[in-house]
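The values are calculated or read from the model by the stated rules, or taken from the named source; none is laboratory data. These numbers come from a predicted model, not from an experiment. Methodologically, a virtual Cβ is constructed for each residue, glycine included, from the backbone with ideal geometry; neighbour enumeration extends over all protein chains shown.
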Amino acid sequence: MTFTIDIQNDSNYLINAARLQSASQQVLNQHDVDPDTTLSVVFVDNDYIQNVNRQFRGFDTPTDVLSFPADEPPVEIDGEPPYLGDLIIAYPYASEQAAREGHTLDDSLSLLVVHGTLHLLGYDHDTPENRAEMWMAQDAALTALGISTAIVPALEGGNDDQSH
């Protein structure tokens, strides 16, 4: 597939961009997504994501990942590839979370990219049924990436109202 996953890391955080692109590609490969689809993953600090979280979700706190899907269906403009949307990840928040939970930062960031990409595809965890469907897709992607699904409850189990 020729998915384009644009990683924006202006603060030069220590990330494995290729691994994160693979995480998003895994999710896209598991769904019926146009192979020319593009999306962006933007790494920011805690203050930035807190401002975005307050502005768009009404939560005046930092969080790990926010997803901003493009219009449904993905936006296509004058021959440009379909644009799925943006993921915004707070690197300091995610790094502290990984250390606190005892997971590697690479695995935790991959989980956030998988989780966020699923949100871009329309998945949500707002009801038990939706959560079960999303977690099944998330577990399949994590397993394919060689990441234990045991990472999921520790990072997401208690934060469903604020983590998107």
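Candidates are the residues of the range 1-43 that are in a strand (DSSP E or B) and among the hydrophobic types (A, V, I, L, M, F, W, C); the one that is nearest to the chain's Cα centre (by Cα) is Val41. Among the residues of this structure, Gln50 counts as one that is among the polar types (S, T, N, Q) and either modelled with pLDDT of 95 or more or in a loop (DSSP other than H, G, I, E, B) (or both).
For Asp126, indicate whether it is in contact with a helix residue (DSSP H, G or I) (Cβ under 9 Å, 6 or more places away or on another chain) and of a type in the set (Asp, Glu). It is false that Asp126 is in contact with a helix residue (DSSP H, G or I) (Cβ under 9 Å, 6 or more places away or on another chain) and of a type in the set (Asp, Glu). In the range 53-83, the residue that is farthest from Val152 (Cα to Cα) out of those that are out of contact with any strand residue (DSSP E or B) (no Cβ under 9 Å at 6 or more places or on another chain) and modelled with pLDDT of 90 or more is Gln55. Note on the range 97-133: residues that are within 13 Å of Thr149 (Cα to Cα) and part of a helix (DSSP H, G or I) total 7.
Under the condition of being touching a Phe, Trp or Tyr at 6+ places or on another chain (Cβ under 6 Å) and not hydroxyl-bearing (Ser, Thr, Tyr), which residue from the range 5-29 is nearest to Ile147 (Cα to Cα)? Before you say what the answer is, go through the steps one by one.
First pass over the range 5-29, keeping only residues touching a Phe, Trp or Tyr at 6+ places or on another chain (Cβ under 6 Å): 9, 13, 25, 28.
Next, from what is left, pick out any that are not hydroxyl-bearing (Ser, Thr, Tyr): 9, 25, 28.
Working: Asn9: 23, Gln25: 15, Leu28: 17 Å.
Checked the range 5-29; the qualifying residue nearest to Ile147 (Cα to Cα) is Gln25.
Residue by residue through the range 17-50, note down the ones that are in contact (Cβ under 8 Å) with a residue 60 or more places away in the chain and within 17 Å of Tyr83 (Cβ to Cβ).
To start, the set of residues in the range 17-50 that are in contact (Cβ under 8 Å) with a residue 60 or more places away in the chain comprises 19-20, 22-24, 26-28, 30-31, 33, 39, 41.
Scanning the range 17-50 gives Ser24, Val27, Leu28, His31, Val33, Leu39, Val41.
Go through the range 134-153 and give me each residue that's in a helix (DSSP H, G or I) and either loosely packed, with under 13 Cβ neighbours inside 10 Å or free of Cβ contacts under 8 Å to residues at least 12 places away in the same chain (or both). Walk me through it before giving the result.
Of the range 134-153, the ones in a helix (DSSP H, G or I) are 134-144, 151-153.
Once the filter is applied, which keeps residues that are in a helix (DSSP H, G or I) and either loosely packed, with under 13 Cβ neighbours inside 10 Å or free of Cβ contacts under 8 Å to residues at least 12 places away in the same chain (or both), the range 134-153 yields Met136, Thr143, Pro153.
On the stretch given as the range 12-37, residues that are in contact with an Asp or Glu (Cβ under 7 Å, 6 or more places away or on another chain) and not charged (D, E, K, R) total 1. Of all the numbered requirements in (1) touching a Lys or Arg at 6+ places or on another chain (Cβ under 9 Å); (2) farther than 19 Å from Met134 by Cα, Leu66 misses one, and that requirement is (2). As a summary of the residue check, Gly157 satisfies the conditions (1) closer than 18 Å to Ser95 by Cα; (2) at pLDDT 95 or above except for the one numbered (2).
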